[in-house]
Amino acid sequence: MGEQDRGFHAERITISYWDALGNEVVRHFAANVPEEEIPETVDSPSSGLPAGRDKNNPPVVAKLEPYKTHLAYVKERRTEEEAAQLLDEALQQLRERRGKVPAKK
């Protein structure tokens, strides 16, 4: 049961946002929400682009970053030498746990 069933209707304001493709996104807010709490931009559900209040000047995406894998992020932080050293240490620990190599001291 909602407002329609009980006969009480909260006052609302309706704000339209537009994305770069011209899609309109309508959001409803309580009338007593302060202006500074209403977002300047929202995500358009139809395009995934940011949508702003100015129909003639919608926000644009700053830069589209290609999807990076976990490995790509790791390679940004480690050199090839560091990666080889970490791999050797991990393999050594694994072999010690399995009992195939005596533990290093």
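The values are calculated or read from the model by the stated rules, or taken from the named source; none is laboratory data. These numbers were taken from a predicted model, which means no experiment stands behind them. We place every Cβ from the backbone using ideal geometry, glycine too, and count neighbours over all the protein chains shown. Ligands, DNA and RNA are excluded from the accessible area calculation, which covers all protein heavy atoms including side chains. Shrake-Rupley method; radii C 1.70, N 1.55, O 1.52, S 1.80 Å.
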Which condition number does L87 fail, the rest of (1) over 26 Å from the mean Cα position of the chain (by Cα); (2) loosely packed, with under 10 Cβ neighbours inside 10 Å being met? (2)
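Residue by residue through region 61-97, note down the ones that are closer than 29 Å to L49 by Cβ and of a type in the set (G, A, S).
Hits for region 61-97 are A62, A72.
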Among the residues of region 54-82, write down those that are more than 21 Å from the chain's Cα centre (by Cα), surrounded by 10 or more Cβ atoms within 10 Å (Cβ to Cβ) and free of Cβ contacts under 8 Å to residues at least 24 places away in the same chain. N57, K75, R78, E82
Across region 19-48, what is the total count of residues that are under 15 Å from V61 (Cβ atoms), open to solvent by 40 Å² or more (accessible area, probe 1.4 Å) and either β-branched (V, I, T) or assigned to a strand (DSSP E or B) (or both)? 2
